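Asker: Starting off with a structure, shown below.
The values are calculated or read from the model by the stated rules, or taken from the named source; none is laboratory data. Everything numeric here is computed off the predicted structure, so don't read it as measured data. Note that we place each Cβ from the backbone using ideal geometry, even for glycine, and neighbour counts take in every protein chain shown. For the accessible areas, the whole protein counts, side chains as well, though only heavy atoms, and no ligand, DNA or RNA atoms are used. Shrake-Rupley method; radii C 1.70, N 1.55, O 1.52, S 1.80 Å.
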Amino acid sequence: MLFSEAAAEYMADKRKRLRATTLEGYESAIRCHLLPAWGGREMETITFEEMQEWVDSFALPGAAEKAYKTFRQIYRWVLRRHQLRIWDVTQGVELPKKPTVRRPTLTADQERATLKAIVGQPFEAAVLLGAALGLRRCEACAVRIEDIDWRSGWVHVRRGLHMVGGEVIETGCKTKLSDRKLKLPRFALERLRAIRGARRSGRLCLLDPNAVARRFRTYCKRHELPHVPMTCLRHSWATISLEHGAAIEYIAVALGHSTVNTAMSHYLQSFRTVVARASASYASAMAG
């Protein structure tokens, strides 16, 4: 069986149950990396050594991981579906080590200044939701008026807004734990009430995610405001919350992660704060 045939069969099956954004990622990897390397090969002829050499040939560790994992998904699915009795050549492949990424974050003072400066802009609602709740960009853009309890400030995060093939697509949350309820701080709730106005339904921000990110970046650059990409507002929220006393497990729950390790490895930048707090607790106990 040719790998190109296996990939086509796999995608036909997965279109029945996967989200449009996930399918787009698979299709991109197949088109850009898998078919050029393996499209004309019979599945049974691919060897472990060739697989490892292919993975090692990528210049970017992230691209290598994405391509390999997509290949592995297709390869193992075909082995099960057709009950092929061949050695799994993806088993034991070593991926290149990813460099440590330190994403930029805003301090509380910087974020306060930026949020004040963007009042009245068409992207304000999405930026404010992303900053105040630590939402993903797709989540912040998808929040609807009906999702918010306008008296208490609780927000039900239950969908995402994505650009797929040039069209705006609304999907469910990324994971089961991403469907969650978060509480707006008072300043954000009051500002969102003003943005809502007399409307009683519909999305708070009427721009698509790409337009929000583009306009926010351009506006901050033009007015020389503290700025990080929309994605890093989530990192800023986690870091600011941690530095001002929030427990890591609380932050992990609010971000919609299944484990504390995920929050620590991907979002929390200031480990000195955690260590200093632990040291202070020990010192206090010893002094007592």
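Asker: Sorted from largest down, what three extents in whole angstroms do the Cα atoms of segment 1-151 have along their principal axes?
Answerer: The Cα atoms of segment 1-151 stretch 61, 35, 22 Å along their principal axes.
Asker: Give me the percent relative contact order of segment 1-149, please, defined on Cα pairs under 8 angstrom at least 6 residues apart.
Answerer: 21 percent
Asker: Mind listing the phi-derived Karplus ³J(HN,Hα) values for segment 151-160, rounded to whole Hz, using 6.51, -1.76 and 1.60 with θ = phi - 60°, and x for any glycine or proline?
Answerer: 9, 9, x, 6, 10, 8, 8, 9, 7, x
Asker: Here's something else I'd like to know. List the residues, sorted by chain then number, that are 5 or more residues from Trp154 or on another chain and whose placed amide H is less than 5 Å from its amide H.
Answerer: Asp149, Leu184
Asker: Within a Cβ distance under 13 Å of Arg234, other residues only, what is the Lys/Arg minus Asp/Glu net charge?
Answerer: +2
Asker: Divide, for segment 101-149, the radius of gyration over alpha carbons by 2.2 N^0.38 Å, where N is the residue count.
Answerer: 1.23
Asker: When ligands, DNA and RNA are left out and all protein chains stay put, how many square angstrom of accessible area per residue does segment 51-171 have with a 1.4 Å probe?
Answerer: Roughly 52 Å² per residue, with all protein chains present.
Asker: Exceeding 29 Å between C-alpha atoms, which entries from my cross-link table qualify? They are Lys66/Lys174; Lys181/Lys221; Lys66/Lys116.
Answerer: Numbers: Lys66/Lys174 18 Å; Lys181/Lys221 33 Å; Lys66/Lys116 39 Å.
From Lys66/Lys174; Lys181/Lys221; Lys66/Lys116, over 29 Å: Lys181/Lys221; Lys66/Lys116.
Asker: Any idea how far apart Thr231 and Asp13 come out in nm if each label point goes 7 Å out from Cα toward Cβ?
Answerer: Reported label-point gap for Thr231 and Asp13 is 3.1 nm.
Asker: Tell me the relative contact order for the chain as a rounded percent, counting alpha carbon contacts under 8 Å between residues six or more apart.
Answerer: Dividing the mean separation by the residue count of the chain yields 18 percent.
Asker: Further, regarding this structure: Please report, in cubic angstrom per residue, the volume enclosed by the convex hull of the alpha-carbon atoms of segment 137-269.
Answerer: 134 Å³
Asker: May I ask you to give the percent of accessible area on the chain that is carbon plus sulfur, with a probe radius of 1.4 Å?
Answerer: The value for the chain is 52 percent carbon and sulfur by accessible area.
Asker: What are the radius of gyration and Dmax of the chain, computed over its Cα atoms and given in Å?
Answerer: 22.8, 73
Asker: Let me ask you something else. Once you keep just the Cα pairs under 8 angstrom separated by 6 or more residues, what percentage relative contact order results for segment 137-186?
Answerer: In percent, rounded to a whole number, it is 37.
Asker: Using label points projected 7 Å from each Cα along Cα→Cβ, tell me how many nm separate Val168 and Arg200, to one decimal.
Answerer: 2.2 nm
Asker: Given points 7 Å out from each Cα along the Cα-Cβ axis, report the Thr175 to Arg217 separation in nanometres with one decimal.
Answerer: About 2.7 nm separates the two model spin labels.
Asker: Could you put Trp87, Trp154, Trp77, Trp237 in order of accessible surface area, largest first, with the 1.4 Å probe and the full protein assembly present?
Answerer: Listed by decreasing accessible area, they come as Trp87, Trp154, Trp237, Trp77.
Asker: Additional query: Over segment 106-181, what per residue volume does the convex hull of the Cα atoms give, in whole Å³?
Answerer: Dividing the Cα hull volume of segment 106-181 by its residues yields 123 Å³.
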